[in-house]
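K.L.:
Please find one structure pasted underneath; my questions will follow.
Every number in this text was worked out from the coordinates using simple rules, so none of it is lab data. This one's a predicted model, so the numbers in the text were calculated from it and none came from an experiment. A quick note on method: Cβ atoms are made from the backbone with ideal geometry, for glycine too, and the neighbour counts reach across all protein chains shown.
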Amino acid sequence: MAKMTPVEVRQALKELPGWVRRGTSIRRAYTLTDFPTAIRFVNAMARIAEKASHHPDIEIAWNRVTLTLTTHDEGGLTPKDFDLARQFDRKAA
């Protein structure tokens, strides 16, 4: 899958509120009620990522989970990252 252009990335981010670009990746922080809820959230996101065979970097800080996506094989962002971000947001809603 080919790396997206900066214009394509900007357009795709307009459709994903809460996600921001950081260099060659996109990231979003989700705030949950407590630590056990955050862990359940991470487990749900891990199942989605495993099914997609595309895995985010995950940071957990008590009730806050940050997911970071990039396509390492392409050296940047691809539609695969944005597809997975949409899946994460649907599950989080």
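K.L.:
Of everything in segment 52-70, what is more than 15 Å from ARG86 (Cα to Cα), touching a Ser or Thr at 6+ places or on another chain (Cβ under 9 Å) and part of a loop (DSSP other than H, G, I, E, B)? Give them in sequence order.
P.N.:
The answer is ASN63, and nothing else.
K.L.:
Among the residues of segment 26-45, write down those that are of a type outside the set (S, T, N, Q), more than 30 Å from PRO6 (Cβ to Cβ) and without any contact (Cβ under 8 Å) to a residue 40 or more places away in the chain. Break it down into steps so the answer makes sense when it comes.
P.N.:
Of all residues in segment 26-45, those of a type outside the set (S, T, N, Q) come to 26-30, 32, 34-36, 38-42, 44-45.
Now narrow it down to the ones that are more than 30 Å from PRO6 (Cβ to Cβ): 32, 34-36, 38-42, 44.
Within segment 26-45, LEU32, ASP34, PHE35, PRO36, ALA38, ILE39, ARG40, VAL42 meet the criteria.
K.L.:
Let me ask something else about it. Name the residue, out of ALA85, ALA49, that is touching a Pro at 6+ places or on another chain (Cβ under 8 Å), in a helix (DSSP H, G or I) and surrounded by 13 or more Cβ atoms within 10 Å (Cβ to Cβ). Steps first, please.
P.N.:
Numbers: ALA85 fails: touching a Pro at 6+ places or on another chain (Cβ under 8 Å).
Result of the check over ALA85, ALA49: ALA49.
K.L.:
Let me ask something else about it. Specify which of the listed residues (TRP62, TRP19) is touching a helix residue (DSSP H, G or I) at 6+ places or on another chain (Cβ under 8 Å) and surrounded by fewer than 12 Cβ atoms within 10 Å (Cβ to Cβ).
P.N.:
TRP62
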